[in-house]
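> Pasting a structure below so you can have a look.
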Amino acid sequence: MQTVSTLVELRLAVDDLRKSGTIALVPTMGALHEGHLTLMREARARADHVVASIFVNPTQFGPNEDLDAYPRRMAEDAALLEAEGVALLWAPTVDAMYPDGFATTISVSGVSEGLCGASRPGHFAGVATVVCKLFNQVRPDHALFGEKDWQQLAVIRAMARDLDLTLPHVSNIHGVTTVREADGLAMSSRNAYLSPDQRTAAVTLPRAMRAAIEDIEAGDDVAGALMRLHAALGEAGFGPIDYVTLADASSLVPLAQAPDAPARLLVAARIGGTRLIDNMPVSPVKGEETQ
């Protein structure tokens, strides 16, 4: 595996890879776990070569968030990527990604405005900007992202569609099913922040979400199901709870009634000082999805 940290090196390396096949990009912020490695394997199944990026993007962190504390372990991550058959690691510095005088931001309205967009102002503008830059730098045929951050995936797809990106085309921006621990907690680099007691309590999040989905799909009142989910999280020690929302899977418009098209149950809540997010699909209750 080749590792590069300057744009000149990256473009030379990508041009060389492209001579022998297609390229899939997996953007990450490092601190890799099995969820990331699953993305690498899916990327290998879709393209001839895999390019992974590791960049802790400062523009998607708010002033009181965990930018400085975010785990960084480049040597260990590089070894994991090499073992998964990644061809190229793009590991730019902040100065390489945002040189002096950098003055451009991409803002995606609509899908970015609620949920995490409401509780983390500026976050998705940072995400859209850095991902657009990564797409322009690598020009991959495919790009893969975990579905754990469903809103992020929606923002990236909207950005690619609206800016007429062709590499990757929006249809080649793939979401990969969330990878979970044995007890159901979604894998996240931030899980490492949890104390043993908090980690034990954190499993309430996926369990209570599944219970709410069962109630909604059985025809129970949506507001009541969401209230019970919110209460279960509070009893387990979560707080503050940023949102507990049932939303249309595509538009992310909140739903007050049982869905008649694919929907997602989305939650963001803190336990101790750690903010956890999760989402799960909710099947249409009334009739079949129309194509």
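> Identify, from the list A103, A43, A125, the residue that is loosely packed, with under 14 Cβ neighbours inside 10 Å and at negative phi.
Selected residue: A103, the only one of A103, A43, A125 that is loosely packed, with under 14 Cβ neighbours inside 10 Å and at negative phi.
> Being modelled with pLDDT of 95 or more, assigned to a loop (DSSP other than H, G, I, E, B) and touching a helix residue (DSSP H, G or I) at 6+ places or on another chain (Cβ under 8 Å) narrows it down to one of L252, L246, L265, so name that one.
After applying the criteria, what remains is L252.
> I'd like to check something: does the range 191-204 contain any residue that is closer than 22 Å to F145 by Cα, of a type outside the set (D, E) and either part of a helix (DSSP H, G or I) or outside the structural domain of L25 (by TED's automatic domain parsing) (or both)?
Checked against the condition, which is being closer than 22 Å to F145 by Cα, of a type outside the set (D, E) and either part of a helix (DSSP H, G or I) or outside the structural domain of L25 (by TED's automatic domain parsing) (or both), the range 191-204 yields at least one hit.
> If A96 meets every condition in (1) part of a loop (DSSP other than H, G, I, E, B); (2) surrounded by fewer than 19 Cβ atoms within 10 Å (Cβ to Cβ); (3) not acidic (D, E) apart from one, which number is that one?
(1)
> Within the range 80-92, track down each residue that is out of contact with any Phe, Trp or Tyr (no Cβ under 9 Å at 6 or more places or on another chain) and farther than 22 Å from R46 by Cα.
None; the set is empty.
> Restricting the search to the range 104-119, which residues are part of a loop (DSSP other than H, G, I, E, B) and touching a residue at least 60 places away in the same chain (Cβ under 8 Å)?
G110, V111, G114, L115
> Could you check the range 1-40 and list, in sequence order, the residues that are of a type in the set (V, I, T), within 11 Å of V86 (Cβ to Cβ) and surrounded by fewer than 18 Cβ atoms within 10 Å (Cβ to Cβ)?
T3 - this is the single residue of the range 1-40 that is of a type in the set (V, I, T), within 11 Å of V86 (Cβ to Cβ) and surrounded by fewer than 18 Cβ atoms within 10 Å (Cβ to Cβ).
> Looking only at the range 279-289, how many residues end up being surrounded by fewer than 22 Cβ atoms within 10 Å (Cβ to Cβ) and either without any contact (Cβ under 8 Å) to a residue 60 or more places away in the chain or part of a strand (DSSP E or B) (or both)?
Number of matching residues: 7.
> Within the range 154-163, is even one residue surrounded by fewer than 21 Cβ atoms within 10 Å (Cβ to Cβ), of a type in the set (V, I, T) and under 30 Å from L265 (Cβ atoms)?
Looking for residues that are surrounded by fewer than 21 Cβ atoms within 10 Å (Cβ to Cβ), of a type in the set (V, I, T) and under 30 Å from L265 (Cβ atoms), one finds none in the range 154-163, hence no.
> Also, I was wondering about something else. What number of residues within the range 205-238 are touching a residue at least 40 places away in the same chain (Cβ under 8 Å) and either touching a Phe, Trp or Tyr at 6+ places or on another chain (Cβ under 8 Å) or part of a helix (DSSP H, G or I) (or both)?
8
> In addition: Hey, can you tell me all the residues within the range 19-49 that are in contact (Cβ under 8 Å) with a residue 60 or more places away in the chain and over 29 Å from E181 (Cβ atoms)?
T22, I23
Matching residues to (1) in a helix (DSSP H, G or I); (2) within 11 Å of V108 (Cβ to Cβ); (3) out of contact with any Ser or Thr (no Cβ under 6 Å at 6 or more places or on another chain):
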{"residue": "V127", "(1), (2), (3)": "yes, yes, yes"}
{"residue": "K133", "(1), (2), (3)": "yes, no, yes"}
{"residue": "Q137", "(1), (2), (3)": "yes, no, yes"}
{"residue": "P140", "(1), (2), (3)": "no, no, yes"}
{"residue": "L144", "(1), (2), (3)": "no, no, yes"}
{"residue": "Q151", "(1), (2), (3)": "yes, yes, yes"}
{"residue": "I156", "(1), (2), (3)": "yes, yes, yes"}
{"residue": "R161", "(1), (2), (3)": "yes, yes, yes"}
{"residue": "G175", "(1), (2), (3)": "no, no, yes"}
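> Here's another thing I want to ask about it. Are any of the residues in the range 55-71 assigned by TED's automatic domain parsing to the domain that holds Q137, without any contact (Cβ under 8 Å) to a residue 60 or more places away in the chain, in a helix (DSSP H, G or I) and closer than 26 Å to T38 by Cβ?
No, because not a single residue in the range 55-71 is assigned by TED's automatic domain parsing to the domain that holds Q137, without any contact (Cβ under 8 Å) to a residue 60 or more places away in the chain, in a helix (DSSP H, G or I) and closer than 26 Å to T38 by Cβ.
> Within the range 222-239, how many residues turn out to be surrounded by 14 or more Cβ atoms within 10 Å (Cβ to Cβ) and charged (D, E, K, R)?
Count: 1.
> Could you please find all residues in the range 7-54 being among the basic types (K, R), farther than 20 Å from A79 by Cα and part of a helix (DSSP H, G or I)?
R11, R18, R46 - these are the residues of the range 7-54 that are among the basic types (K, R), farther than 20 Å from A79 by Cα and part of a helix (DSSP H, G or I).
> Ok, one more. Within the range 114-122, is there a residue that is farther than 30 Å from D248 by Cα, outside the structural domain of L255 (by TED's automatic domain parsing) and at pLDDT below 95?
Scanning the range 114-122, I find no residue that is farther than 30 Å from D248 by Cα, outside the structural domain of L255 (by TED's automatic domain parsing) and at pLDDT below 95, so the answer is no.
> M74 passes all but one of (1) surrounded by 14 or more Cβ atoms within 10 Å (Cβ to Cβ); (2) at pLDDT 95 or above; (3) within 24 Å of Y98 (Cα to Cα); which number fails?
All conditions pass for M74, except number (1).
The values are calculated or read from the model by the stated rules, or taken from the named source; none is laboratory data. Computed from a prediction, not measured in an experiment: that's the story for all the values here. Cβ coordinates were reconstructed from backbone atoms using ideal geometry, including for glycine residues, and neighbour counts include every protein chain displayed.
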